[in-house]
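One structure below.
The values are calculated or read from the model by the stated rules, or taken from the named source; none is laboratory data. Computed from a predicted model, the values in this text were never measured in an experiment. Cβ: placed from backbone, ideal geometry, glycine included. Neighbour counts: every protein chain shown.
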């Protein structure tokens, strides 16, 4: 856990000296075979997505008469258009962005507040407090959905984004609290003392000293909270019941559940639903790979 | 990630970091916990307590009255065929989400780091790593719909069409709805596909912590790749293996979406997992008390597993230190 500082990233791949010597040795046949095997495995992983790409642009007639492995005869947007307009994809996309974005920001704020009290304030019983927060991450969602459904129904939050936002702020900030509390537990004392000597107030220290120093970790957390919330399924399925409130995974699930759905619409819909994630992945690839390893090891 | 754990631990100041205060108002820190506590109480503690209590009642839901049932629901649970089946399925889920990805992840990470990264360039290695990781960030529901399309039962299914082309005769296997073995196999395949990238990324980061000179020395001594893997790599990245096993086991116990999307528990309720069973019982069951008992049972198992794992980990750490 103490390794959370994302500054120590994946740059390690580049330590040079012993490796350059290694590289000069000619590559053996075994090494080539291993490379080919690794590449084939990677290809197998992306293969379903390649299949989507091959078939999303076929017209319904073309799809019915061709093999899924064939290239489309002509680029056709029927499926895409059908999905886009009939299921109001832009609306679902906005819902997903709004919910995930709100959760990412609010959950980070809550994580910082919690971990400031636990890691720097060292309040009594902090180990237990961290464990209590971690409960939010451990409890299976089917334990939550029925009571929360009734609660949100009573206060009128059902089928609004806030039902999902509120829930996932708690679930995500549990992990954030756990990670940041141990990071702040090792925060250099000298800095805090210097700030206090300069007359900074506690709130001021949090805002102008602590937060700027741990900002890289906070941005990693934000990226992860966003993507975790984006991918959630069970609780959004339970809380969002009107067509306007659905998120991207829910719209796709709805489409999948309808018997008379045209297959090309389904394929095109799946492809569009993947695209935002892929774009996000390309933008934040480094942050993501850095982030998963943060906090992995005590 | 290079050697970070040791250095940070050593750098830890003898006294904990604390803002020196004029006067003793350490209690002021509790104020910062208030929003977190309030939210936690409403969103997590209230439902957990309510459902746990409900597991000792019979309740039809809605405006119906609750009737105290004692341990009725819990006893019914032990004898409930679907509940037992859902937990035996979890064993297979653990195979697909924990065991296979961890073992395959070890091999892939070792090959990518040791062979591809060192002999063919770090860039290619991180490209392949990203490819393996990609399914991890797709929404599981979307991945599920994609697999459902590939596994369609009639001659429209991609896999069936492929098999038809290869074999020359029409193949129409009902992968998801036909029989238990293909349905559960499909669900497991989806889980492996999703999970694989997680251990690959974690283990590759861990491998960077290993001192390359150790490998060099072993190589000079004539150790084979496998001997190096056993003697150096595995012990060094053991903490990561542990973390991956813990987090994925907990995820496996809570698994829901792959089953919901691919099989909806079918055929004939054979692919039920506890989460899905609890969900269905809450929505369609006649006794929400029984549904609450299922959910409570899963919660207890998850927390027990987490406690056991953390216990074992602290014990191992202590052994290392002494």
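Just to be sure, is residue A:145 within 12 Å of chain B (Cβ to nearest Cβ) and either in contact (Cβ under 8 Å) with a residue 12 or more places away in the chain or buried (at least 17 other Cβ atoms within 10 Å of the Cβ) (or both)? Against the criterion (within 12 Å of chain B (Cβ to nearest Cβ) and either in contact (Cβ under 8 Å) with a residue 12 or more places away in the chain or buried (at least 17 other Cβ atoms within 10 Å of the Cβ) (or both)), residue A:145 qualifies. Of the residues making up the stretch B:148-185, those that are assigned to a loop (DSSP other than H, G, I, E, B) and within 30 Å of residue B:90 (Cβ to Cβ) number 11.
Residue by residue, here is whether (1) more than 9 Å from chain A (Cβ to nearest Cβ); (2) at pLDDT 85 or above; (3) part of a helix (DSSP H, G or I) holds:
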residue: B:245; (1), (2), (3): yes, yes, yes
residue: B:251; (1), (2), (3): yes, yes, yes
residue: B:278; (1), (2), (3): no, yes, yes
residue: B:315; (1), (2), (3): yes, no, yes
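Of everything in the stretch A:120-133 that is within 29 Å of residue B:297 (Cα to Cα) and facing chain B (nearest Cβ under 8 Å), the residue that is surrounded by the fewest Cβ atoms within 10 Å (Cβ to Cβ) is A:132.
Would you check which residues across the stretch A:58-75 are buried (at least 16 other Cβ atoms within 10 Å of the Cβ) and without any contact (Cβ under 8 Å) to a residue 60 or more places away in the chain and list them? Result: A:62, A:66, A:68, A:72.
Just so you know, in the stretch A:263-298 the residues that are crowded, with 18+ Cβ neighbours inside 10 Å and not in a helix (DSSP H, G or I) include one that is modelled with the highest pLDDT, and it is A:294. The residues of the stretch B:146-176 that are within 13 Å of chain A (Cβ to nearest Cβ), within 27 Å of the chain's Cα centre (by Cα) and over 17 Å from residue A:65 (Cα atoms), listed by number, are B:146, B:147, B:148, B:151, B:176. Of all residues in the stretch B:45-82, those satisfying the criterion of being in a helix (DSSP H, G or I) and within 13 Å of another protein chain (Cβ to nearest Cβ) are B:45, B:46, B:47, B:48, B:49, B:50, B:51, B:52, B:53, B:54.
Considering A:155, A:123, A:109, the condition of being free of Cβ contacts under 8 Å to residues at least 40 places away in the same chain and within 30 Å of residue B:289 (Cβ to Cβ) is satisfied by A:155 alone. Exactly one residue out of A:117, A:42 is within 8 Å of chain B (Cβ to nearest Cβ), within 28 Å of residue B:159 (Cβ to Cβ) and in contact with a helix residue (DSSP H, G or I) (Cβ under 9 Å, 6 or more places away or on another chain): that is A:42.
The one condition from (1) closer than 20 Å to residue B:235 by Cβ; (2) in contact (Cβ under 8 Å) with a residue 40 or more places away in the chain; (3) facing another protein chain (nearest Cβ under 9 Å) that residue B:134 does not meet is (1). You will find that of A:167, A:186, the residue that is in a helix (DSSP H, G or I) and touching a helix residue (DSSP H, G or I) at 6+ places or on another chain (Cβ under 8 Å) is A:167 and no other.
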